[in-house]
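Engineer: Here it is, the structure, as structure tokens.
Derivation of every value follows stated rules applied to the coordinates shown; laboratory data play no part. Bear in mind the structure is a predicted one, so any value in this text is a computation, not a measurement. Cβ sites come from the backbone with ideal geometry, for glycine too, and all protein chains shown count toward neighbours.
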Amino acid sequence: MRRRDGLSMIYLDNAATSWPKPACVNEAITRYLSDVGASPGRSGHRLANEAERIRFDAREAVAGLLGVRDPMRVVFMSNATAAINLVLRGLLPPGAHVVTTGMEHNAVLRPLRALEQDGVSVSIAPCRTDGTMEAPSIEALIRPQTRLIAAIHASNVCGTILPIREIGALAREHGIPLLVDATQTAGCLPIDLAADNIDLLAFTGHKGLLGPTGTGGLAIGDDFDVGQLPPLICGGTGSRSEEEVQPDLLPDKYEAGTPNILGLAGLAASARHVLACGVEDMMQRERALTGRLIEGLREIVGVRVLGTLDASRQTAVVSFTIDGLPVSDIAHRLDEEFDIMCRPGLHCAPRAHRTLGTLPGGTVRLAAGPFTTESEIEAAIEAVGALAR
Amino acid sequence: MSDFAVILVHTTSDAIHAERVLKRAGLAVKLIPTPRRLSSDCGSAVRIDAGDRAESERLLGEANVSIDRIEPPAS
């Protein structure tokens, strides 16, 4: 990837945030700033209406990518973490029980640990050392008090995909809602809320959806009754202004306060871009790169690659270690000597690293994106090879 | 007899949703500030030709667009 200042670098940190963004994202943000500028939902003048159209474009495109039929059931928030907090805090009163997995990110585990202080009990379904699991290991932990199952769609550490559809099917059998953390998968894997048995899905706009940071939210399944999920934040919405209580209308119920319309302008463009390119096609392309990366890294003596080692069972996130080298040194040298951007450490997911057996040292994570080339993958393999020698 | 009818909605998202559905069907629509005498629910409303009222209702129902009501009431 060549930056506009002419510097060449290999960006393999797409699991943290995707970069570069499609050119249309730049254009949409510039257009909003130059020509629109207004806040959606707050006035009826033409610029406010235009801003609301932009927000609707984003809603519609994201709904299309997640298999949500009613765009009003896509709620925008500042990020996936906010959406996860909304659901966990809203659905788990004191005395409630929740089942989650051994591959979770702290976005799920930290709110749950906080809720434990209020009398919520948490069970963690174990995963194998490659991050895989089967739905019955969740079912075994369900109790009469279980109010929610919360599962990550794919690991942000090693990319392993969890059997969300099967977990959702058993959640339905038990009448328990399923929350999916799709931070690593929205825009990267085909998702259909209804077919995948998902009630609530937290997404971020700035990774696989290729939009700006500060965008994300919650997609709500058709059968989920939002009456049971109170808002986390109350305030102005532009609707029902005569009332001092939060309206029960979607999406306003969960969208109090001025939205990040600048970010949503970018997300509207990026999500349409992903729709036009096709999630399936983008996934196949990234799978080819991921397969080659896994293969190339595994051929290097002293390198250990985590996860299933099967590109068809994971996202484009590859974690590895090199015998005898701290991961921070590896990442620093990849940056300084090879112009390769990656992320070392625990990736905000100590539980996943515990499952993978990579505590406390952590791993180095290489994450390809839609703009990653084959030659960049070869260069990364060569660089890791040079460090391992 | 007015030449226009006004679709009142609960949220501005619904207003845009309605506008989008009706525009795609080729109807003449315009977003207007909600006349205060009609509602304080939402800042924007959707103005349509009075003659398109029945067709609009059908289209919005098919697309599952949530609306409050259409003014003036059907005679």
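Engineer: For segment A:283-296, take each phi angle, set θ = phi - 60°, evaluate the Karplus expression 6.51 cos²θ - 1.76 cosθ + 1.60, and give the result in whole Hz per residue in order, putting x for glycine and proline.
Structural biologist: Listing the rounded values in order: 5, 5, 5, 5, 5, 4, 5, 5, x, 5, 5, 4, 4, x Hz.
Engineer: Sort A:Tyr11, A:Tyr254 so the one with the fewest other Cβ atoms within 10 Å of its own Cβ comes first.
Structural biologist: A:Tyr11, A:Tyr254
Engineer: In addition: If you place +1 on the Cβ of every Lys and Arg, -1 on the Cβ of every Asp and Glu, and leave all else neutral, what size is the dipole of segment A:26-277 about its Cα centre, to the nearest 20 Debye?
Structural biologist: The calculation lands at about 440 debye.
Engineer: Still on this structure, please answer the following. What net charge is computed for the residues neighbouring A:Ala269, neighbours being all others with C-beta under 11 Å from the C-beta of A:Ala269, Lys and Arg scored +1, Asp and Glu -1?
Structural biologist: Local net charge: +1.
Engineer: Right, something else. By the scheme Lys and Arg +1, Asp and Glu -1, what is the net charge of all other residues having a beta-carbon under 13 Å from that of A:Leu162?
Structural biologist: Values: positive: A:Arg128, A:Arg165, A:Arg313; negative: A:Glu104, A:Asp130, A:Glu134, A:Glu166, A:Asp181, A:Asp196.
Surrounding charge for A:Leu162 is -3.
Engineer: Using every alpha carbon pair in chain A, what percent of pairs falls into each 20 Å bin from 0 up to the bin containing the largest distance?
Structural biologist: In whole percents, the pair-distance histogram is 29, 56, 15, 0.
Engineer: Counting other beta carbons within 10 Å of each residue's own, what order do A:His332, B:His17 fall into, fewest first?
Structural biologist: A:His332, B:His17
Engineer: To continue, here is another question. Which of A:Ile84, A:Thr213, A:Ala195 sits closest to the plus end of the dipole of the protein assembly as shown, meaning its Cα is farthest towards the positive end, when Lys and Arg get +1 and Asp and Glu get -1 on the C-beta?
Structural biologist: It is A:Thr213.
Engineer: Per residue of segment A:76-89, in order, report the coupling 6.51 cos²θ - 1.76 cosθ + 1.60 (Karplus, θ = phi - 60°) as ³J(HN,Hα) in whole Hz, putting x for Gly and Pro.
Structural biologist: The phi angles translate into 8, 9, 6, 5, 5, 4, 4, 5, 5, 4, 4, 6, 5, 6 Hz.
Engineer: Further question on the same structure: Please compute the modelled spin-label separation between B:Phe4 and B:Arg36, points set 7 Å along Cα→Cβ, answer in nm with one decimal.
Structural biologist: In this crude label model, B:Arg36 to B:Phe4 measures out at 1.8 nm.
Engineer: Which shape class applies to segment A:294-389: rounded if a/c is under 1.5, otherwise prolate when a/b exceeds b/c and oblate if not, where a ≥ b ≥ c are the square roots of the Cα gyration tensor eigenvalues?
Structural biologist: Details: a/c = 1.44, a/b = 1.15, b/c = 1.25.
Rounded is the answer for segment A:294-389, as its axis ratio a/c remains below 1.5.
Engineer: Taking amide H positions as placed 1.01 Å from N in the peptide plane, with prolines and chain starts having none, which residues 5 or more places from A:Asp13, or on another chain, fall under 5 Å of its amide H?
Structural biologist: HN-HN under 5 Å from A:Asp13: A:Ala367.
Engineer: A further question follows. So what is the relative contact order for chain B, in percent, with contacts set as C-alpha pairs under 8 Å and at least six apart?
Structural biologist: RCO, chain B: 47 percent.
Engineer: Right, something else. In deg cm²/dmol and to the nearest 500, what is the mean residue ellipticity at 222 nm of the protein assembly as shown if only DSSP H runs of at least 4 residues count, each as -39500 (n - 2.57), divided by the residue total?
Structural biologist: Taking each H run of at least 4 residues, the total per residue is -11000 deg cm²/dmol.
Engineer: For the pair A:Glu299 and A:Asp70, how long in nm is the line joining their label points, each one 7 Å along Cα→Cβ?
Structural biologist: Label at A:Glu299, label at A:Asp70, 5.4 nm between them.
Engineer: For the charge dipole of chain A, defined by +1 on Lys and Arg C-beta atoms and -1 on Asp and Glu C-beta atoms about the Cα centroid, which residue among A:Ala16, A:Ala316, A:Gly291 has the Cα displaced farthest towards the positive pole?
Structural biologist: Towards the positive end, the residue furthest out is A:Ala16.
Engineer: Okay, next question. Average partner chain C-beta neighbours within 10 Å, per residue of A:239-246? Numbers along the way, then the final one.
Structural biologist: Numbers: counts 11, 6, 4, 3, 2, 0, 0, 0.
Across the residues of A:239-246, the mean count of other-chain Cβ atoms within 10 Å is 3.
Engineer: Would you pull out the residues with amide H under 5 Å of B:Arg47's amide H, same chain only if 5 or more places away, H placed 1.01 Å from N?
Structural biologist: Hits under the 5 Å cutoff: B:Ile7, B:Lys30, B:Leu31, B:Ile32.
Engineer: When only Cα pairs under 8 Å and 6 or more residues apart are kept, what is the percent relative contact order across segment A:17-67?
Structural biologist: 22
Engineer: Under the rule a/c < 1.5 gives rounded, and otherwise a/b versus b/c splits prolate from oblate, where does segment B:30-75 land using the Cα gyration tensor? List each step's numbers first, then the result.
Structural biologist: Working: a/c = 1.81, a/b = 1.42, b/c = 1.28.
The shape class here is prolate.
Engineer: Of the residues B:Leu22, B:Leu38, B:Leu60, which exhibits the maximal mean-square fluctuation in a Gaussian network model of chain B defined by a 10 Å Cα contact cut-off?
Structural biologist: Highest fluctuation among the options: B:Leu38.
Engineer: Determine the relative contact order of segment A:162-295: mean sequence separation of Cα pairs under 8 Å and six or more apart, normalised by residue count, in whole percent.
Structural biologist: Result for segment A:162-295 is 23 percent.
Engineer: Moving on. Rounded if a/c is under 1.5, else prolate if a/b beats b/c, else oblate: with a ≥ b ≥ c from the C-alpha gyration tensor eigenvalues square-rooted, which is segment A:153-264?
Structural biologist: It is oblate, given that a/c is not under 1.5 and a/b is not larger than b/c.
Engineer: Ok, one more. Please name whichever of B:His17, A:Thr258, A:Met133 sits farthest to the positive end of the charge dipole of the protein assembly as shown, dipole taken about the Cα centre and charges placed at Cβ: Lys and Arg +1, Asp and Glu -1.
Structural biologist: Of the options given, the answer is A:Thr258.
Engineer: Report the charge-dipole magnitude of chain B in Debye, nearest 20, computed about the Cα centre from +1 at each Lys and Arg Cβ and -1 at each Asp and Glu Cβ.
Structural biologist: 160
Engineer: Tabulate in residue order the Karplus-calculated ³J(HN,Hα) for segment A:373-389, using 6.51 cos²θ - 1.76 cosθ + 1.60 with θ = phi - 60°, rounded to whole Hz; enter x for Gly and Pro.
Structural biologist: 9, 4, 5, 5, 5, 4, 5, 5, 4, 4, 5, 5, x, 5, 5, 7, 5
Engineer: Over all residues in A:48-54, what is the mean tally of Cβ atoms on other chains that come within 10 Å of each residue's Cβ?
Structural biologist: 5
Engineer: Another question about this same structure. Other chains' Cβ within 10 Å of A:151-158 residues: what's the mean? Walk me through the numbers on the way to the answer.
Structural biologist: Numbers: counts 0, 0, 0, 0, 0, 0, 0, 0.
Counting other chains' Cβ atoms within 10 Å and averaging over A:151-158 gives 0.
Engineer: About the Cα centre, and with charges only on the beta carbon of Lys, Arg (+1) and Asp, Glu (-1), how big is the dipole of the protein assembly as shown? Nearest 20 debye, please.
Structural biologist: Result for the protein assembly as shown is approximately 460 debye, rounded to the nearest 20.
Engineer: Check which residues have an amide H placed less than 5 Å from A:Arg343's amide H, if you skip close sequence neighbours.
Structural biologist: Placed amide hydrogens put A:Arg365 under 5 Å from A:Arg343.
Engineer: If you don't mind, there's one more thing I want to ask. Where Lys and Arg each count +1 and Asp and Glu each count -1, what net charge lies around A:Ala352 among other residues with Cβ under 14 Å from its Cβ?
Structural biologist: With Lys, Arg at +1 and Asp, Glu at -1, the net is +3.
Engineer: Multiplying the sequence separation of A:Trp19 and A:Asp5 by 0.36 nm and subtracting their Cα-Cα distance, what value in nm do you get? Present the calculation step by step, with values, prior to reporting the outcome.
Structural biologist: On the way: separation 14, 0.36 × 14 = 5.04 nm, distance 1.53 nm.
Full-extension gain reported as 3.5 nm.
Engineer: Can I ask one more? Need the full-extension length gain, A:Arg313 to A:Ser375, defined as separation in residues times 0.36 nm minus the C-alpha distance. One decimal, nm. Could you put the intermediate results ahead of the total?
Structural biologist: On the way: separation 62, 0.36 × 62 = 22.32 nm, distance 2.33 nm.
Difference between extended and current length: 20.0 nm.
Engineer: Of A:Asp130, A:Asp248, A:Asp199, how do they rank once you tally other Cβ atoms within 10 Å and put the fewest first?
Structural biologist: Sorted ascending by nearby Cβ count, the order is A:Asp248, A:Asp130, A:Asp199.
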